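Peer 1: Okay, handing you the structure first.
Read the figures in this text as sums done on the coordinates, not as results from a lab. Computed from a predicted model, the values in this text were never measured in an experiment. Glycine also receives a Cβ, built like all others from the backbone with ideal geometry; neighbour counts cover every protein chain displayed.
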Amino acid sequence: MSTKLLARAFIIAAISAVPLHAFAEDAATNSYKQSMEKMNADMQKGMDPDATKAWAKMMIAHHQAAIDMNKVVLKETKDPTIRKMAEKGTSEQKAEIKQLQGWLSKNGG
């Protein structure tokens, strides 16, 4: 058997030994990390000399990150309890974002 053929066989065997869900978990982990990085950057943008406005702006970023995380778990999980919680969380977070945005628009945010 040639070295190239042996190397290819080794790679195929190694890939075959990794369960498919490991790739899905890795994709989910990457999505969660991206969500957290975006949230942190958006929360930094929300800093304001007015503590109340800063809180509202940062909470919008925080709630959006929760929505983004819910999207990831809804894509990956089949667990009915978690699905229900993520769906409920998404609607609640969207409502709070809308409420905070309304407050900011009325209060010069």
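Peer 1: How much net charge surrounds Gly102 when only other residues with a Cβ under 14 Å from its Cβ are counted (Lys, Arg +1; Asp, Glu -1)?
Peer 2: +4
Peer 1: On to the next question. If you average over every viewing direction, what projected area does the convex hull of the Cα atoms of the stretch 39-90 give, in nm²?
Peer 2: Mean shadow area of the hull around the Cα atoms is 3.8 nm².
Peer 1: Work through the residues other than Asn70 whose Cβ is under 14 Å from its Cβ and net out their charges, Lys, Arg +1 and Asp, Glu -1.
Peer 2: 0
Peer 1: Separate question: Output ³J(HN,Hα) for the stretch 71-84: one whole-Hz value per residue in order, computed from phi by the Karplus curve 6.51 cos²θ - 1.76 cosθ + 1.60 with θ = phi - 60°, and x for Gly and Pro.
Peer 2: Working through the residues one at a time gives 4, 5, 5, 5, 6, 9, 9, 10, 5, x, 5, 5, 4, 4 Hz.
Peer 1: Which of the chymotrypsin sites (Phe, Trp or Tyr not before Pro) found in the stretch 18-109 are in a DSSP loop and have at most 15 neighbouring Cβ atoms, other than their own, within 10 Å?
Peer 2: Here no chymotrypsin sites (Phe, Trp or Tyr not before Pro) fit, given the DSSP loop and packing criteria.
Peer 1: Sorting check: for 59-67, 36-44, which peptide has the highest mean count of neighbouring beta carbons within 10 Å, and how do the rest follow?
Peer 2: My ranking of the peptides, most packed first, is 59-67, 36-44.
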